[in-house]
Amino acid sequence: MMFAAPSKRLVFIAPVLIPLLAVLAGCGGETTAPAGDAPPVLAERHDNFEAISDNFKAIRAQLEGESPDLAAIEAAAIDINQRAERISGHFPEGTGRDAGWDTEALPTIWEKPEEFTAAQQKLLEESAAMMTLAASGDAAAVGAQVAELGGACKNCHDTFRLDDD
Ligand code: HEC
């Protein structure tokens with residue numbers, strides 16, 4: 001009657017169940033993280049996007065004010081433009097979620113490299129347009145361009161990033 005008592009059954013099930021639960025608790029059932037430290041490029045692209053985001057927020061904050069500082073907006077747009085240049089260099093093969101890293105970079109980045117480059121190009125163009133408009137002193141045009149700039153973020157995130165926030 002060895003298997004009749006539930007308490008004894010648990011002893012046999014536990015070694016199977018506990019690792020299984022551990023796997024299920026892991027982020028969305030992705031593959032296990034590769035051995036070793038994450039490649040430094042993951043932190044580099046994270047910092048780059050955070051800075052892009054800070055600049056974008058700074059532009060929006062200016063536009064919410066009574067008299068937006070167009071020089072500050074121009075400077076933020078220049079920084080976004082320069083950081084946009086670096087995006088393509090921040091995604092070497094094997095640094096996506098499918099490789100097991102803790103990242104929001106979807107496999108589509110490497111499956112559709114031309115579309116990813118086009119999305120990067122769109123950010124370059126929209127940030128350059130923002131620079132030009134801010135330099136021209138046309139606050140209304142700058143205000144309209146912020147939607148285009150935000151659209152360039154969303155355009156890429158929709159296809160290539162896990163969460164869109
Ligand atoms: C060409 C594609 C692309 C464009 C354009 C783009 N992003 Fe991203 N963004 C990504 C990807 C991919 C990630 C996920 C990176 C990762 O997790 O490794 C990301 C992550 C982020 C993050 C999270 C930072 C992190 O790594 O945790 C923020 C914030 C962000 N983007 C803001 C923006 C803003 C704001 C814009 C537009 C001004 C923008 N992005 C434009 C692709 C893009």
Computed ³J(HN,Hα) along the stretch 102-119: with the Karplus parameters 6.51/-1.76/1.60, θ = phi - 60°, integer Hz and x for glycine or proline, the list is 7, 8, 9, 6, 7, x, 4, 4, 9, 7, 10, x, 5, 5, 5, 4, 5, 5
Along the stretch 43-48, Karplus-curve 3J(HN,Hα) (6.51, -1.76, 1.60; θ = phi - 60°) to the nearest Hz, with x for Gly and Pro, reads 5, 4, 6, 4, 4, 5
Once both label points are put 7 Å beyond Cα along the C-beta direction, the A35-T159 separation in nm becomes 3.7
Going residue by residue through the stretch 50-65, the Karplus relation 6.51 cos²θ - 1.76 cosθ + 1.60 with θ = phi - 60° gives ³J(HN,Hα) values, rounded to whole Hz and with x marking Gly or Pro, of 4, 5, 4, 5, 4, 5, 5, 5, 5, 5, 5, 4, 4, 6, 7, x
Placing each pseudo-label 7 Å from Cα in the direction of the beta carbon, A141 and E104 end up separated by a distance in nanometres of 3.2
The distance between the Cα centres of the stretch 41-84 and the stretch 126-151, in whole Å, is 12
The farthest towards the positive end of the charge dipole of the stretch 87-149, of the residues A135, W101, L149, given +1 on Cβ of Lys and Arg and -1 on Cβ of Asp and Glu, is A135
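Any read-out appearing in this document is the output of simple, stated calculations on the displayed coordinates, not a laboratory observation. Since we're looking at a predicted model, the values are computed, not measured. Glycine also receives a Cβ, built like all others from the backbone with ideal geometry; neighbour counts cover every protein chain displayed.
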